[in-house]
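Worksheet: one structure, shown below.
The values are calculated or read from the model by the stated rules, or taken from the named source; none is laboratory data. Remember, predicted model here, so these are calculated numbers, not experimental data. Using ideal geometry, Cβ is built from the backbone for each residue, glycine included, and neighbour counts are taken over all protein chains shown.
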Amino acid sequence: MNKNTLLNISLGICQLAKILFIIIAIGITFVFIHVQIDKDFYSKVEFGLSKENSNLNLSNTDLNITSTWHVTNLSEELKNKDKTTIYKELFKLNKLTKTSLYLQYFKLSFVLLMFFLAVSEFQKIIESVKSHKTFGIQNVNSFRKIGTYIVVSVLFTMYTSVNFEQGGYSGFSISFNQLFLALIAFIMAEIFKEGNILKEENNLTI
């Protein structure tokens, strides 16, 4: 596989990823609108902590994510029921409060936008490499933007608070995988910056 073939494949993957983000955005927008028109349609759609994490106070740590979740403001009716019943009756999409519905929609949309922009910048980098402008200052800026977009998305999703008709949950989580990708992006920006300096010095020498 030659260089151009690999770059073309990478460009194709970037384009597909951007299209996928757009499709997902359209999908969640449709659900966001439709759930306000016909709530009962989503009565069986779960929206909340997974059944595997069915403790009312959850503390979980692994290499990928650190999180602490707390179920809050349970109604008197649910307080006297077992945990399985609480999760079965509480975390339903049709029972989201209007405020939480709007907040979750805009949160998801914002994260999708950040990743769409990050992929767009990566696509620009590949295109510059293909046109033999690898160490241009634009690539330094693109890597910095990618790192910034990822960090912003992590900060934006760090804290979650969702309210339902009979209670809610709140939690704190950090995706270390995403932070690692951001770190790589910032390191690549510095590497390309040094490459740009060497290129400029070489041009001056010539």
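Remark: pairs (first residue in segment 164-181, assigned to a helix (DSSP H, G or I); second residue at pLDDT 80 or above and charged (D, E, K, R); Cβ separation under 6 Å; 6+ apart in sequence or on different chains) are absent. Of the residues making up segment 87-122, those that are touching a strand residue (DSSP E or B) at 6+ places or on another chain (Cβ under 7 Å) and either on the phi > 0 side of the Ramachandran plot or of a type in the set (A, V, I, L, M, F, W, C) (or both) number 3.
Here the condition is being surrounded by fewer than 15 Cβ atoms within 10 Å (Cβ to Cβ), more than 30 Å from Leu78 (Cβ to Cβ), under 20 Å from the mean Cα position of the chain (by Cα) and not hydroxyl-bearing (Ser, Thr, Tyr); of Leu198, Leu155, Leu181, it holds for Leu155 alone.
Only one of the numbered conditions (1) in contact (Cβ under 8 Å) with a residue 24 or more places away in the chain; (2) farther than 17 Å from Leu112 by Cα; (3) among the polar types (S, T, N, Q) is violated by Gln138, and that is (1).
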